[in-house]
Amino acid sequence: MGITSSTGLISGTKYDDLIANILQLQQRPIDLLNQKKQALTATGVELNNLSVQMSGLKDKAGALAALANFNSNTVSVTKSSTGLDLLSASVATSASPGTYAVKVNQLAQAQVLASQGFVDQSTTAVAGAAGTFAFKVGAAGKTTSVAVTTSTTLTQLRDLINAQTGDATASILSDGSGSNPYRLVLTAKNSGSANTITISSNPTNLDFANKQVEAAYAATTNSFAGTVSSNSGNNYTGTTNKSFLVKIVAGGAAGAATYKYSTDGGITYLGANGATYNGSNAITTQGALTNYIDSAAASNSTNEGVQLAFGAGTLVADDTFSVDVFNPTLQSAQDAVVQVGNLTFTKASNTVTDAIQGVTLNLLKAASSETVNVTVSSDTSNIKTKVKDFISGYNTAIKYLQGQLSYDPKGSSAKPLLGDSTALMLQRRLQSLITSVVPGASTDINSLGKVGVSTNKTTGQLTLDESKFDAAVAKSLRDVTRLFVGLGVPSNSLVQYVSKTADTQPGAYAVEVTQVPTKATITGGNTVPAGGITAAETITVSLYSNATVSGDTPLAASATFSAGSKISDIVNGLNSAFATKGIAASASNNSGTLQITATNYGDDYKLVAFSTVAATNQSGIGATALTSQGVDVAGRINSHKATGAGEVLTAGGGLESGLKVKAPVTTVGSYGTVTVSAGVSDRVASLLDVTTRVNGPIQARVNGLTDSIALIDKDVARKSAAIDEEGKRLRDQFNRLESVLGQFQTQSQAVNNSLSALQNLATSISKR
């Protein structure tokens, strides 16, 4: 068994205490390293906290830097006289204050088409032979085709249709009827009168075209054991989908028994001639399909084409029977009709963006006899709220920085970030951005102090003088916007500022157009006759929106006009077709000549139009396709070549890098300057975005600390291992020393014993 400790039994020395003292001296460097690690760890934690604090301020600054927050326009909508919300509205900066009288005469809706009832969803096949089921939405819509077989069920057909992601979706509706309750329903994805569903191929047994009287059904609780029948087939003359519910009033055989009937599920009952049932006007049953369900009524429209008859047997009071009638058009495709003042607009969607400039109307309910007021007004309270939120976020961040960077002599220890270069940099940069003059801003309002924001010299906290701020906004909202957001202000009204990037430096930059932008425009070859076109005509217009790329697929719309249609009819018909198909183009009357113009500028947009007839005495389009493609703007910003796309010039380099302006001009030449400012909030947001990003300075410092801590851990491990080895070495040396001392002690005892023996011998000899 090895020796694990040094007891000093021979020498009397306490070796373990001696070793511990020696090793304790060698532990001091490790203790210092651990203290350094603890300090670095605390700094890393606080740097992460700093990142969180700065991210919070960045979010507040970013929210304020959004130009939309400086939209002072608000919009309100009154209710109808009966308290209904007929529409809601949103507003953009381009809207002008005012009140507009609006009527919602009709809502847009998508067509919903359904088949007649089917026996089940997932067992019985819908087709007796294989084939292709195909449909499209709208005259120029994409055809959706699916293959069906003799085993395709209703559920499978639904799934096959939906897998095509066409212009309509399929679903299955159970109407709750006693027989054949399941119907396949096709719903157009887009609303509007032009988006009707047309089934072009139908090898199935499903009927989407004809109104149906379905087979009569007898309740299972009836006492009557005979048969009941209806004139099932394409015999329904009504329009709504419902069930004729028949209840026996007086029992007896067919021809003697009487009944009442309901078309609202049994809530109310009717008697002879459709009058409310009163106990004495029941209808006499019939034994053959020779008369309508209301045999006392002569009018087919009253009976809606439904017949009901009973076979042999005795009918009993309260026996119940039903006949379902079905119109395949569950909902018709129709346009929204909205009236603003004395102008009426027809739109394919319930979202109307161009009836009132800068206002989007979301139509909710139709009430043609009701007028609601849409009022656009200016309200800057939201702007002040956003500014106050930013100030609050700034104060929180600065308070944190002040706490970290200030030394408290009464505290037990200094804060981890005291003297930290990153924290100091942030404090200086933030305070500089808040107190300095904003580059590119108006000289009247170019610092926060001029809008009522002041800084406490001791704490660095900001406060807002609301009355001074309100006065600045009232004086010039645009200049206040430039102070906070930073934007471009053109000196020429024909040029519009679009946006800038973090690379765009404040300054005034000259704008020059060397090539004017154009829109694709097709003009008819002749004027439309004043008396109207002489023959029916269909015009098809296609718009390519990425025409510079090979294989671009256009959107297409067609409109058909009868003989006698005038230029106004053609313009309105084409515009309705464009709106339905979402085609960004418009038709107009150019002194009696049809003109079709793309909404957007540039060579990405190309129009192609053709007609079914020649141009003369017609629309002027003609049977030979007419084509027109737009041209992109070209020019310079700050004397540097800019990239043109549509009517937008984008600066690609220099101080103006990233600046975008619109120049929808008609002649080449110089168009003044665009003065770009860098607002307080977007400058703060940009600074903090760089600071807090993954490869930013805070994370770089944290990564450096992490690397230093890892090196310390390695150094501590190495030194600790060396100390352990030193302890083992010292113990081994002291153990060997004890062993040598033990040997010396043994030898000493042997010598002493020998000397004692010699002494005894000498004594013995001397006695002789």
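The values are calculated or read from the model by the stated rules, or taken from the named source; none is laboratory data. Nothing here was measured: the structure is a model prediction, and the numbers come from that model. Cβ: placed from backbone, ideal geometry, glycine included. Neighbour counts: every protein chain shown. The accessibility values were calculated without ligands, DNA or RNA, using every heavy atom of the protein model including side chains. Shrake-Rupley method; radii C 1.70, N 1.55, O 1.52, S 1.80 Å.
For segment 13-153, how big is the tail of P(r) above 27 Å, as a whole percent of Cα pairs?
Across segment 13-153, Cα pairs with separations above 27 Å total 73 percent.
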- Formal net charge of residues neighbouring ILE391 (Cβ-Cβ distance under 12 Å; K, R +1; D, E -1): +1
- In Hz, Karplus ³J(HN,Hα) per residue of segment 136-147 (6.51, -1.76, 1.60; θ = phi - 60°; x = Gly, Pro): 9, 10, x, 5, 10, x, 6, 6, 9, 10, 9, 8
- So which of LYS581/LYS660; LYS58/LYS189; LYS60/LYS581; LYS58/LYS475 end up more than 32 Å apart by C-alpha? LYS58/LYS189; LYS60/LYS581
- Query: Which semi-axis lengths, in whole Å and largest first, follow from the square roots of five times the eigenvalues of the Cα gyration tensor of segment 612-704?
  - Reply: 48, 20, 12
- Query: Rounded to a whole number, what % of the accessible area of the chain do carbon and sulfur atoms account for, probe 1.4 Å?
  - Reply: 50 percent
- Item | Kirkwood Rh, angstrom, segment 310-352 [1 / mean 1/r, Cα pairs] | 15.8 Å
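Which trypsin sites (Lys or Arg not before Pro) from segment 320-426 combine a DSSP loop assignment with at most 15 other Cβ atoms within 10 Å?
Within segment 320-426, the qualifying trypsin sites (Lys or Arg not before Pro) (loop, at most 15 other Cβ atoms within 10 Å) are LYS365, LYS410.
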- Compute the accessible area per residue over the chain, keeping the other protein chains in place, probe 1.4 Å, unit Å². 48 Å²
- Put a dot 7 Å past each Cα toward the Cβ at ASP465 and SER301; how far apart are the dots in nm? 7.8 nm
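Dividing the Cα radius of gyration by the Kirkwood radius, what Rg/Rh value follows for segment 227-383?
1.28
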- Query: With charges only on Cβ, +1 for K and R and -1 for D and E, what is the dipole size of segment 355-482 about its Cα centre, in debye, rounded to 20?
  - Reply: 360 debye
- Note on the structure: Fraction of alpha-carbon pairs in segment 496-566 farther than 14 Å apart, rounded to whole percent, equals 79 percent
- Query: Extension gain SER756-ARG718, at 0.36 nm per residue separation less the Cα-Cα distance, in nm?
  - Reply: 8.0 nm
- Note on the structure: Cβ-Cβ cut-off under 11 Å around ASN638, Lys and Arg +1, Asp and Glu -1: the net charge is 0
- Have a look at ALA587, ASN342, VAL674 and report the one farthest towards the positive end of the charge dipole of the chain, computed about the Cα centre with Cβ charges (Lys/Arg +1, Asp/Glu -1). VAL674
- Report ³J(HN,Hα) in whole Hz for each residue of segment 687-701, in order, from the Karplus equation J = 6.51 cos²θ - 1.76 cosθ + 1.60 where θ = phi - 60°; Gly and Pro get x. 4, 6, 5, 5, 5, 9, 5, 4, 9, x, x, 5, 5, 4, 5
- Item | Phi to ³J(HN,Hα) by Karplus 6.51 cos²θ - 1.76 cosθ + 1.60 over segment 462-476, Hz, x for Gly, Pro | 9, 10, 10, 8, 5, 5, 5, 5, 4, 5, 5, 5, 5, 6, 7
- Query: Local charge sum around ASN235 (other residues, Cβ-Cβ under 12 Å, Lys/Arg +1, Asp/Glu -1)?
  - Reply: -1
- Most packed first (mean Cβ within 10 Å per residue), the peptides 160-166, 477-483, 564-570 order as 477-483, 564-570, 160-166
- Message: I want to check the label-to-label distance for ALA474 and THR501. Put each point 7 Å from Cα in the C-beta direction and report it in nm to one decimal.
- Response: 4.2 nm
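Can you list the equivalent-ellipsoid semi-axes of the chain, largest first and in whole Å, using the square root of 5 times each Cα gyration tensor eigenvalue?
Taking √(5λ) for each eigenvalue gives 84, 50, 28 Å, largest first.
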- With the contact rule set at Cα under 8 Å and sequence spacing of 6 or more, what percent relative contact order holds for segment 564-707? 11 percent
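Of all the Cα-Cα pairs you can form in segment 676-768, what percent are over 23 Å apart?
69 percent
According to the Cα gyration tensor, what semi-axes, each the square root of 5 times an eigenvalue, does the equivalent ellipsoid of segment 344-470 have, listed from largest to smallest in whole Å?
50, 18, 14
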- Query: Evaluated at 25 °C with a viscosity of 0.890 mPa s, what Stokes-Einstein diffusion coefficient in µm²/s does segment 529-622 have when Rh comes from the Kirkwood expression over alpha-carbon pairs?
  - Reply: 182 µm²/s
- Item | Anchor LYS415: lysines whose Cα lies under 18 Å away (excluding residues fewer than 8 positions away in-chain) | LYS36, LYS37, LYS399
- Note on the structure: For ASN492 and LEU711, extending 7 Å from Cα along the Cα-Cβ vector and measuring point to point gives, in nm, a value of 5.9 nm
- lysines within cross-link reach of LYS79: Cα-Cα under 24 Å, excluding same-chain residues under 8 positions apart? LYS103, LYS347, LYS365
- Note on the structure: Stretched fully, the stretch from THR198 through ASN695 gains (0.36 nm per residue minus C-alpha distance, one decimal, in nm) 173.2 nm
